[in-house]
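The values are calculated or read from the model by the stated rules, or taken from the named source; none is laboratory data. Please read all numbers here as calculations on a predicted model, not as lab measurements. Cβ placement follows ideal geometry from the backbone for every residue including glycine, while neighbour counts extend to all protein chains displayed. Side chains included, ligands, DNA and RNA excluded: accessible areas come from the protein's heavy atoms. Shrake-Rupley method; radii C 1.70, N 1.55, O 1.52, S 1.80 Å.
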Amino acid sequence: MTPVLRFAPSPTGRLHLGNLRTALVNWLFARAHGGTLLLRIDDTDLERSTAEHAVAIETDLTWLGLDWDRFARQSDRFERYAAAAERLKASGRLYPCFESPEELDLKRKLALARHLPPIYDRAALKLSAGEAAARIAAGEQPVWRFKLDPGRIHWDDLVRGAVELEAEKMSDPVLVKGDGGPLYTLSSGVDDIELGITHIIRGEDHVANTAVQIQLIEALDGTVPVFGHFSLIADAEGGKLSKRAGSLSLEELRAEGIEPMAVLSLLAKLGTSDPVEIRPDKPALIAEFDIAKFSRNRPKLDPEELWHLNARLLHTLSYAAVADHLPAGADEAFWLAVRGNITRVGEAEAWLRVCQGPIEPEVGDADFLAAAAALLPPAPLDETSWSNWTGAIKAATGRKGKELFLPLRRALTGLDHGPELARLLPLIGRERAIGRLSGQVA
Ligand code: GLU
């Protein structure tokens, strides 16, 4: 059997690391098992969904290199959900309920006061078909609830193992709103059947939905897919990651200079038995992917870890891989000199200024620096110049170690730390170096 997976975001906001993880795990599962991935835009909530967010989802996935084989939009399929609702009504599984939200709220409070579970009491089932029809004819707009079959709902979860929920402890869910529109539980179940989904992998916040959707899919004579629910990511303090955690939206991370492979390397391994380490490309992640590696423990995500991975990635990236993102004038020698000292590509610009000026040199010991300037080898400088030069200064002045190197670094770069001076010196060039050793802004 060729697995068919889906990533089904609601276009009500930008993708964040939590839902990108769902996208990635489904993508990896599909790619690792020769399957198919469907991107399904869950836009039945017409008030909260926007076309801009739907486009942004595609942009974000494309930027990460997560492609999809098929595409569907729920707002194109309203008649399919209406047809399924009619079938459920005909089989007596969908029944109209006329309680107002205030009434339902009161019922809930009364149940809680009596220490009973706050589940819907099915009062509407007592209405005769004639009474219900008369109220609808008179203009009332009921919601439609799905009548759950009593008993245990069971499935073998790819992550959680055997899962069992009791239908009696759950409210009959509303599938159709008063205005006739479908709710997520219905539209998702119908699509999962009709679009041939074989594996549904998503966060554990959907466990209760799964119980309902299993009964729904059975009631519509569909084939129940395999389910897997991984633990949700917690933030560094153990709290919930939310869509509003703006700093963790891909849009913002991208603006700050994150690389796709840093995001993918982290999200592929978070919550698994593998260590989180940078991986060079997606095939490496596919080769290591196994849904069985996901544990039920809640993984914590510290955004600093992302930047750490980003730095590790940059330290190995070739000039060709980044050339398009470097400032004008940055050549291969420059990139190889600075890549080990940056966390994001944007930081290269500051190092380019160190090489090409102008910077303000820090010149404490002018006599020492003048003596050093006199010993600087002739142009053109190359990567051997630094050791020849510092060897000569050491012989002439008797200085060594930090006493020798730090004043030179401060004068040549204006900084205490940075890339190897053996590599920077030829990039700075003889003339500019001489100027800086005498304190000139150059
Ligand atoms: N649109 C739903 C969500 O974003 C999809 C959930 C699912 O069935 O995977 O939560």
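How much of the accessible area of region 332-437, in percent, comes from carbon and sulfur atoms when a 1.4 Å probe is used?
For region 332-437, the apolar C and S fraction of the accessible surface comes to 50 percent.
Calculate, for A137 and E194, the FRET efficiency according to 1/(1 + (r/R0)^6) with r their C-beta to C-beta distance and R0 22 Å; round to the nearest 0.05. Provide the component values of the computation, followed by the final result.
Numbers: r = 32 Å, r/R0 = 1.44.
FRET efficiency, A137 to E194: 0.10.
Roughly speaking, to the nearest percent, how much of region 1-132's 1.4 Å accessible area is carbon and sulfur?
Taking all protein chains in place, region 1-132 shows 56 percent carbon and sulfur surface.
With a 10 Å cut-off between alpha carbons and a GNM built on the chain, which of L352, L116, L125 moves the most?
Among L352, L116, L125, the largest GNM mean-square fluctuation belongs to L116.
Any idea what % of Cα-Cα pairs in region 332-437 are farther than 17 Å?
49 percent
Keeping the other protein chains in place, figure out the carbon and sulfur percent of the accessible area of region 145-269, with a 1.4 Å probe.
Carbon plus sulfur share of accessible area: 48 percent.
List the residues, sorted by chain then number, that are 5 or more residues from K147 or on another chain and whose placed amide H is less than 5 Å from its amide H.
Hits under the 5 Å cutoff: L94, Y95.
So what does log10 I(q)/I(0) come out to for the chain at q = 0.14 Å⁻¹, using the Debye formula with one equal point on every Cα and no solvent?
-1.25
I need the calculated FRET efficiency for the pair W63 and A83, taking r as the beta carbon distance and R₀ as 35 Å, to the nearest 0.05.
Numbers: r = 37 Å, r/R0 = 1.06.
Approximately 0.40, to the nearest 0.05.
In nm, what is the difference between 0.36 nm times the number of residues separating R122 and H206 and their Cα-Cα distance?
Details: separation 84, 0.36 × 84 = 30.24 nm, distance 2.35 nm.
Going from the current span to full extension adds 27.9 nm.
Which distance in nm do the two modelled labels at V226 and E277 give, with both placed 7 Å along the Cα-to-Cβ direction?
The answer from the label model is 2.8 nm.
Any chance you could run the full-extension gain for H417 through R312? It's 0.36 nm times the residue separation minus the Cα-Cα distance, nm to one decimal.
36.0 nm
Can you list, largest first and rounded to whole Å, the semi-axes you get for region 57-132 by taking the square root of 5 times each eigenvalue of its Cα gyration tensor?
Largest first, region 57-132 gives 39, 22, 10 Å.
Search the structure for amide H atoms under 5 Å from the amide H of H199, placed 1.01 Å from N in the peptide plane, and list their residues when 5 or more places away or on another chain.
Long-range HN contacts for H199: V4, V226.
Spelling out what I want: for every residue of region 413-421, take phi, set θ = phi - 60°, compute 6.51 cos²θ - 1.76 cosθ + 1.60 (Karplus), and round to whole Hz; glycine and proline get x.
Computed from phi, the couplings for region 413-421 are 10, x, 9, 8, 10, x, x, 4, 5 Hz.
Going by alpha carbons, how many degrees (0 to 90, nearest 10) lie between the helix axis of 303-314 and the longest principal axis of the chain?
50 degrees
For region 28-41, take each phi angle, set θ = phi - 60°, evaluate the Karplus expression 6.51 cos²θ - 1.76 cosθ + 1.60, and give the result in whole Hz per residue in order, putting x for glycine and proline.
With coefficients 6.51, -1.76 and 1.60, one gets 5, 4, 4, 6, 6, 10, x, x, 10, 10, 9, 9, 10, 8 Hz.
Which ³J(HN,Hα) values in Hz, rounded to whole numbers, follow from the phi angles of region 66-76 under the Karplus curve 6.51 cos²θ - 1.76 cosθ + 1.60, where θ = phi - 60° and Gly and Pro get x?
9, 8, 10, 9, 9, 9, 8, 10, 5, 5, 7
Send over a whole-number figure in Å² for the accessible area per residue of the chain, probe 1.4 Å.
Counting only protein heavy atoms, the per-residue value for the chain is 48 Å².
In Å and whole numbers, how far do the C-alpha atoms of region 112-207 stretch along each principal axis, longest first?
Largest to smallest, the principal-axis extents are 49, 40, 20 Å.
For V176, what residues show an amide H to amide H distance below 5 Å, using hydrogens built from the backbone and excluding near sequence neighbours?
Amide H to amide H, under 5 Å and 5 or more residues apart or across chains, V176 pairs with W144, L183.
Once ligands and nucleic acids are excluded and a 1.4 Å probe is used, how much of V441 is accessible, expressed in Å² to the nearest 10?
Around 100 Å² of this residue is reachable by solvent.
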